[in-house]
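What follows is one structure encoded as structure tokens, with my remarks underneath.
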Amino acid sequence: MNHNVVVIGGGAAGLMAALKAAKNSNNVTLIEKNQKVGRKIMITGKGRCNVTNNCDNDTFIKNVAVNGRFLYSAISNFTTTDTMDFFESLGVPLKTERGNRVFPQSDKASDIVDALFKAVKKSGVEIILGTVKSLYKQNDEFITVLQNGDKIPSDSVIIATGGASYPLTGSTGDGYSFAKSFGHSVTEIKPSLVPLTIHEGFCSKLSGLSLKNVTLKVYEEGRDKPIFSELGEMLFTHFGISGPLVLSASSLIRKMDKKNYFVLIDLKPALDAQTLDKRLQRDLSENANKDIINSLDKLLPKSLIPITLKLAGIDERTKSNQITKEQRLALCTVLKGMKLTVTGFRPIEEAIITSGGVSTREIDPKTMESKLVKGLYFAGEVIDVDAYTGGFNLQIAFSTGALAGRNI
């Protein structure tokens, strides 16, 4: 028996849900508030679209920061390999890069969006560009009310509206309101995968400086072990720090309002302290008669040198041949652990994803159907699940969307 299905939201989760529901012999209507579908997909991976991560299911679950266990059925039913096979079958060749991140070979997010859009259209899904004003259930039928007053009846509804991050892409938190209207709980909404604001004023002087192959560690005050430690790339900004390492680290900072956090940056992770000191001695020896500020060009980016010296308590006009062993060791300490004090997250509008959402306790993990309302399904970022950077969040969208669509 054919069902009439409405999918609210034309992002990664909504498009996949619509496609799978249509292939399951349903009459599907997808409603998207933007002028075209997949707008948020277009900005992922800096416009290249980090479509998934080429890893096994256990590794995938380990990279889900919140409610990973809830996703076991979803990722088992539509794996990262399934995602890769799916897009390659649609004529989009993929490649795997550092950290098992998967991108289209063309480096164009538009290729992913276009392939999804064509597949959805080919499957017979009707796409309506419009904003959903409200959603309610009358007897056994759902009524989706559009801003223009049109009412669309259906047997089932999939809410795939995204979170509250990047509102210009259409993620304005509408799905939370729809969920609450059916009695669902929505956990506290916070930014995740978001830049960090830093107390130290020198960050603004370094704005635009990108550091590669550094190790970033995040500590919670009072704990000896870091809550995050990873090698990679980061960026200084006018407000603090950003870049891949920082975004990943931010997803582990869970109690910003109750705890204090600080960051240590190892600028030379390939060298232990002893080797670094020998390297420093060599550089100083080669530039013996120069001011130390002009002796570290091979070791550090130019804009970072005066700040590093200041943090080490060294006058930048001290001659290289006058630097004491104690000063050298102080400099090595800063190079192996530049400390920054975290003061907060940037606004949720700047976050890549939203942490929080519709409570997973109220959704059947095997089907993505509401435990409270028969025929109501959820998919993607509107659910209280989020992961680290590396393609994991898009995979959550594809897996939960596929599971919801298949079960209608």
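For residue 30, the amide hydrogen comes within under 5 Å of the amide hydrogens of 7, 126, 127, 128, counting only partners 5 or more places away or on other chains and with H modelled in the peptide plane. The 3J(HN,Hα) values that the Karplus relation (6.51, -1.76, 1.60; θ = phi - 60°) gives for the stretch 265-282 are, in residue order, 10, 8, 6, 9, x, 6, 10, 6, 4, 5, 5, 5, 5, 5, 4, 5, 4, 5 Hz. Gly and Pro appear as x.
Derived scalar couplings between HN and Hα for the stretch 353-362 equal 9, 9, 9, x, x, 4, 4, 5, 5, 9 Hz in order, rounded to whole Hz, by the Karplus curve 6.51 cos²θ - 1.76 cosθ + 1.60 (θ = phi - 60°), x for Gly and Pro. Shape verdict for the stretch 316-380, please, from the Cα gyration tensor: rounded (a/c under 1.5), prolate (a/b greater than b/c) or oblate. Prolate shape, in that a/c is at least 1.5 and a/b is the bigger ratio. Other residues within the sphere of radius under 15 Å centred on the Cβ of residue 200, judged by their own Cβ, net out at +3 (K and R +1, D and E -1). Partner lysines whose Cα lies under 19 Å from the Cα of residue 290, excluding those fewer than 8 positions away in the same chain, are identified as 278, 298, 302, 310, 319, 325. What angle, in degrees between 0 and 90 and rounded to the nearest 10, separates the Cα long axis of helix 392-406 from the longest principal axis of the Cα atoms of the chain? Helix 392-406 sits roughly 10 degrees off the main axis of the chain. Taking amide H as placed 1.01 Å from N in the peptide plane, the amide H of residue 355 sits under 5 Å from that of 190, 192, each at least 5 places away or on another chain. Between residue 261 and 221, 342, the built amide H atoms are under 5 Å apart, and every one of these is 5 or more places off in sequence or on another chain.
Between the entries (i) 21, 43, 28, 8, 0; (ii) 27, 56, 17, 0; (iii) 26, 47, 21, 6, 0, the label attached to P(r) over Cα pairs in 20 Å bins from 0, in percent calculated for this structure is (iii). For the chain, the 222 nm mean residue ellipticity estimated from helices alone, with every DSSP H stretch of n ≥ 4 adding -39500 (n - 2.57) and the total spread over all residues, rounds to -8000 deg cm²/dmol. What's the carbon and sulfur percent of the chain's accessible surface, probe 1.4 angstrom, rounded to a whole number? Roughly 47 percent of what the probe reaches on the chain is carbon or sulfur. With all protein chains in place and ligands, DNA and RNA left out, the 1.4 Å accessible area ranks 56, 107 as 56, 107, largest first.
Using a cut-off of 30 Å between Cα atoms, the listed pairs 121/374; 23/46; 33/108; 121/366 include 23/46 as exceeding that distance.
Among 76, 89, 210, which one shows the highest mean-square fluctuation when the chain is modelled as a Gaussian network with alpha-carbon springs under 10 Å? Among 76, 89, 210, the largest mean-square fluctuation in the Gaussian network model of the chain belongs to 89. Along the charge dipole of the stretch 74-207, pointing to its positive end and built from +1/-1 on Cβ of Lys, Arg, Asp and Glu, which listed residue (84, 132, 207) has its Cα farthest out? The listed residue farthest towards the positive side: 207. Remark: the stretch 35-183 carries a charge dipole of roughly 520 debye about the Cα centre, counting +1 on each Lys and Arg Cβ and -1 on each Asp and Glu Cβ.
The values are calculated or read from the model by the stated rules, or taken from the named source; none is laboratory data. From a predicted model like this one, the values you see are computed outputs, not experimental measurements. Note: ideal-geometry Cβ built from the backbone for every residue, glycine included; neighbour counts use all protein chains shown. Ligands, DNA and RNA are excluded from the accessible area calculation, which covers all protein heavy atoms including side chains. Shrake-Rupley method; radii C 1.70, N 1.55, O 1.52, S 1.80 Å.
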